[in-house]
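What follows is a single structure, written as structure tokens, with notes after it.
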Amino acid sequence: MDAVAHTNGADEAQYPGLRGAWWLLILLFLSANLYSIDKAIVGVLAEPIRATLQISDVQMGLLLGLAYTLLSVLLGLVLGNFTDHHSRRKILAFSIILWSLATMAGGLARGFGSFFVFRALVGLGEAGLAPTALSVIADIFPPRQRGRALSGYFIGATMGTALSSVIPGWIVAADIHWHLPVFGVVEPWRVAFLVCGAIGPVIGLLFLTTPELPRQGSRWAPGQQPPVREKLAYLYDRKALLAPLYAGFCLYYVAFVGITAWTTVFVMRTYGVTLPEFAARMGVIAMISGTAGYLLGGVLSDSAIGRRGGGKLALLAALPVLAMPGTLAVLMPGVTSALIALAAIAVATPMVNVAMNATMQEILPNDMRGFSYSLLAVVSALPAGAGGPLIFALVTEHVLHDPARMGTSFMIVGLPVLVLSSACFLYARHAYRSQTKAAPTVSSAPTLTASR
């Protein structure tokens with residue numbers, strides 16, 4: 001039976017907006033906060049973890065990257081397809097509970113192997129959040145408000161990034177030890193994992209108190225869904241635009257994930273300071289720069305600049321250049337100036353996230369968004385999520401042969417990767433403008449067919 005065709009542009013009156021979905025938006029904001037805390041905490045506590053587990057920088061790079069992305073690569077598209085056609089509140093609840101419990105379990109890991117497994121489960125759980133949350137936001141707000149709505153959601157992630165250094169820094173500085181049955185005395189970095197993972201199951205269960213939102217502009221009747229091969233074919237037909245768009249995002253994240261994963265280690269080794277000595281400064285700078293980036297990104301994406309043809313893609317092409325001072329942090333004379341240099345990439349990345357996701361929501365139909373977000377996560381997971389931290393560790397350990405020169409690796413890897421990212425976004429903008437001139441309805445979706 002033929003699927004029911006729908007347009008992408010639903011009447012704005014059909015969107016519930018902030019007033020109609022405030023409780024759901026609060027939970028999404030909190031989940032983004034927890035997502036960033038539990039994702040970034042390994043990098044923040046890399047040195048004490050490495051010392052306790054007695055592992056090398058390369059092994060630490062695997063924990064920071066491959067461990068987190070492994071299951072999300074294998075199962076990411078399944079989660080994305082689920083998001084497009086199943087209960088999103090249940091997916092959110094399950095995902096948050098899974099990654100939170102895995103974070104707590106990671107704090108009790110006794111070796112590299114068990115820590116790797118628990119980080120893989122964290123990555124799997126967190127892989128379900130972004131495509132589902134972004135799909136939900138697209139059904140709450142009309143297109144002209146989505147840039148600012150995405151900014152609000154992502155500011156939650158920025159707060160989490162800041163807290164991921166402040167909370168562990170406070171626990172380490174206070175030298176807090178817990179006595180647990182079976183495990184005995186638990187050292188401070190393990191306490192930080194237990195504390196940061198504890199609130200997640202509560203937030204996950206609260207998602208079950210929210211209503212299931214109707215999908216705006218879906219091309220499919222309830223209970224129907226196209227085969228995955230048809231979704232892949234849809235994306236393949238738009239490869240001239242999507243391939244450089246995805247490549248630009250992936251390359252940008254190679255630099256961003258690699259630099260942020262090793263920032264704490266870089267500061268400690270380069271300037272000879274301990275985590276408690278700079279954790280508060282790092283948290284404040286991350287909070288200010290991240291919030292500013294998301295607010296500015298939302299405003300620009302929703303502005304006349306962002307709404308004109310290819311405007312968001314032009315913004316994406318400029319942002320890797322804005323991030324480049326972060327690769328030069330090693331040239332700074334002190335901790336504070338180095339953190340300020342790194343703030344450049346902390347400002348640019350939120351703007352990349354907003355512009356990229358607003359672009360995806362603009363050019364893809366509703367029932368393709370979860371799948372497409374997951375595909376983006378999958379194709380960027382190995383080179384960026386897994387490869388970013390590992391590449392920086394390999395350069396430091398096997399090219400520079402000096403653990404103290406992690407900051408030099410920021411320049412060697414980060415600068416050329418950001419240049420290539422900008423070039424890819426420029427090519428995507430060219431493809432977008434060419435397709436728009438040839439067919440103004442480039443973002444509209446063809447009717448797919450499916451059988452019962």
Just need a number here: residues in region 26-51 that are more than 15 Å from Arg119 (Cβ to Cβ) and among the β-branched types (Val, Ile, Thr). 1
Looking only at region 296-313, and only at residues there that are crowded, with 19+ Cβ neighbours inside 10 Å and hydrophobic (A, V, I, L, M, F, W, C), the one that is nearest to Gly334 (Cα to Cα): Leu300
Which listed residue, of Ala346, Ala358, Ala323, is small (Gly, Ala, Ser), modelled with pLDDT of 95 or more, touching a Ser or Thr at 6+ places or on another chain (Cβ under 9 Å) and surrounded by 24 or more Cβ atoms within 10 Å (Cβ to Cβ): Ala323
Assess whether Phe193 counts as being at pLDDT 90 or above, of a type in the set (Phe, Trp, Tyr) and out of contact with any Pro (no Cβ under 8 Å at 6 or more places or on another chain). yes
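Report yes if Pro211 is modelled with pLDDT of 95 or more and surrounded by fewer than 19 Cβ atoms within 10 Å (Cβ to Cβ), otherwise no.
On the way: modelled with pLDDT of 95 or more: no; surrounded by fewer than 19 Cβ atoms within 10 Å (Cβ to Cβ): yes.
Taking the combined requirement at face value, the residue does not satisfy it.
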Selection from region 64-101 of residues that are within 15 Å of the chain's Cα centre (by Cα), crowded, with 24+ Cβ neighbours inside 10 Å and of a type in the set (A, V, I, L, M, F, W, C): Leu64, Ile96, Trp99
Checked against (1) of a type outside the set (Val, Ile, Thr); (2) at pLDDT below 90; (3) surrounded by fewer than 21 Cβ atoms within 10 Å (Cβ to Cβ); (4) on the phi < 0 side of the Ramachandran plot, Ser165 satisfies every condition except (3)
Can you tell me which residue within region 326-343, out of those that are β-branched (Val, Ile, Thr) and either surrounded by fewer than 20 Cβ atoms within 10 Å (Cβ to Cβ) or modelled with pLDDT under 90 (or both), is nearest to Ser409 (Cα to Cα)? Val330
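Being within 22 Å of Val354 (Cβ to Cβ), surrounded by fewer than 20 Cβ atoms within 10 Å (Cβ to Cβ) and among the basic types (Lys, Arg) is true for just one of Arg229, Arg238. Which residue is that? Walk me through it before giving the result.
Numbers: Arg229 fails: within 22 Å of Val354 (Cβ to Cβ).
Checking each option against the conditions leaves just Arg238.
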Cβ pairs under 9 Å, 6+ apart or interchain, first in region 414-428 and in contact (Cβ under 8 Å) with a residue 24 or more places away in the chain and farther than 19 Å from Ala346 by Cα, second crowded, with 23+ Cβ neighbours inside 10 Å and β-branched (Val, Ile, Thr), ordered by first then second residue, are Ala428/Thr359
Within region 42-59, which residues are buried (at least 19 other Cβ atoms within 10 Å of the Cβ) and in contact with a Gly (Cβ under 9 Å, 6 or more places away or on another chain)? Val42, Val44
Selection from region 111-131 of residues in contact (Cβ under 8 Å) with a residue 40 or more places away in the chain, among the small types (Gly, Ala, Ser) and farther than 14 Å from Arg88 by Cα yields Gly111, Ala120, Gly123
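The values are calculated or read from the model by the stated rules, or taken from the named source; none is laboratory data. The model shown is predicted, which means the values in this text are computed figures rather than measured ones. In this analysis, Cβ positions are derived from the backbone assuming ideal geometry, glycine residues included, and neighbour counts consider all displayed protein chains.
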